[in-house]
1. Being touching a residue at least 40 places away in the same chain (Cβ under 8 Å) and more than 23 Å from residue 61 (Cβ to Cβ) is true for just one of 85, 126. Which residue is that?
2. Is at least one residue of the range 104-117 in a helix (DSSP H, G or I), out of contact with any strand residue (DSSP E or B) (no Cβ under 9 Å at 6 or more places or on another chain) and modelled with pLDDT under 90?
3. Quick check on this structure: which one of 96, 60, 83 is at pLDDT 85 or above, closer than 26 Å to residue 112 by Cα, touching a strand residue (DSSP E or B) at 6+ places or on another chain (Cβ under 6 Å) and assigned to a strand (DSSP E or B)?
4. Considering each of 77, 111 in turn, give the residue that is without any contact (Cβ under 8 Å) to a residue 60 or more places away in the chain, farther than 17 Å from residue 129 by Cβ and among the aliphatic types (A, V, I, L, M).
5. With respect to residue 131, is the statement that it is surrounded by 12 or more Cβ atoms within 10 Å (Cβ to Cβ), assigned by TED's automatic domain parsing to the domain that holds residue 143, assigned to a loop (DSSP other than H, G, I, E, B) and not hydrophobic (A, V, I, L, M, F, W, C) true?
6. Kindly indicate whether any position in the range 45-55 is in a helix (DSSP H, G or I), under 23 Å from the mean Cα position of the chain (by Cα) and either modelled with pLDDT of 85 or more or not aliphatic (A, V, I, L, M) (or both).
7. I'm told residue 74 meets every condition in (1) assigned to a loop (DSSP other than H, G, I, E, B); (2) at pLDDT 90 or above; (3) surrounded by 15 or more Cβ atoms within 10 Å (Cβ to Cβ) except one. Can you identify the failing condition by its number?
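The values are calculated or read from the model by the stated rules, or taken from the named source; none is laboratory data. Only a predicted model underlies this, so the values are computations on that prediction, with no experimental measurement involved. Note that we place each Cβ from the backbone using ideal geometry, even for glycine, and neighbour counts take in every protein chain shown.
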Amino acid sequence: MRYEANVISKNIARKQKIKKVCIVLLYIILIPIILFSLFLIILELGNSGEIPSFLNMEMYTVISDSMEPRLSKNDIIIVKKGYPNDKFKVGNIITYKRKDGEIITHRIKEIISSNLQNAYITQGDNNETPDEDVVTYEMIIGKVIYTMPNFGNILKLLKNKVFFTLCIIVLVLIILYDRKQKKKKIQRKLIREKYEKKSDFYF
């Protein structure tokens, strides 16, 4: 009987440990998701038109097929700013802002040198003709240095208020469950200590 009790006790302890690890993992996953989702929602509500810049880099979502197959819709691109004018080469993919405010990401097809300053002819890999605008250095935001395929879909999900609300609900339920388990653990400990005291008394 003592052996069976020890086995049962070990099984209970193992299950409790697994539950604890799962709860901690859920905290680790959910809390950063909620914080980042909140950041994106606030940014969108602000509607400032500005994209957050970190370490002189900006992040954009591809919204057209003009750079297929190199870049696809909903890909995320990381654009590095601050390159000198003479560092851009034919074949580089750059992001620039047109005079009407539209942001374009296309490949440099030709470099035009005039007045000691370079200008650029750009074209989408999937387009048959070059862009109408000659891109000057002042128009360039930066050069594409990294691509995250389909990550734009994840950002859309993170910006979704319903998804954010569900994450909050799940987190609250986990917190309530965690507290309930801790209370049960304390109650079991008190009962065990009370039982042990009675056993000592009768002994």
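1. Values: 126 fails: more than 23 Å from residue 61 (Cβ to Cβ).
Just a single option satisfies the conditions, and that option is 85.
2. Scanning the range 104-117, I find no residue that is in a helix (DSSP H, G or I), out of contact with any strand residue (DSSP E or B) (no Cβ under 9 Å at 6 or more places or on another chain) and modelled with pLDDT under 90, so the answer is no.
3. Details: 60 fails: closer than 26 Å to residue 112 by Cα; 83 fails: assigned to a strand (DSSP E or B).
The match here is 96.
4. On the way: 77 fails: without any contact (Cβ under 8 Å) to a residue 60 or more places away in the chain.
None of the others qualify; the one that does is 111.
5. Against the criterion (surrounded by 12 or more Cβ atoms within 10 Å (Cβ to Cβ), assigned by TED's automatic domain parsing to the domain that holds residue 143, assigned to a loop (DSSP other than H, G, I, E, B) and not hydrophobic (A, V, I, L, M, F, W, C)), residue 131 qualifies.
6. As a first pass, look at the range 45-55 and keep what is in a helix (DSSP H, G or I): 45-46.
Keeping just the survivors that are under 23 Å from the mean Cα position of the chain (by Cα) gives 45-46.
Subsequent filtering for residues that are either modelled with pLDDT of 85 or more or not aliphatic (A, V, I, L, M) (or both) retains 46.
Yes, the conditions are met somewhere in the range 45-55.
7. (2)
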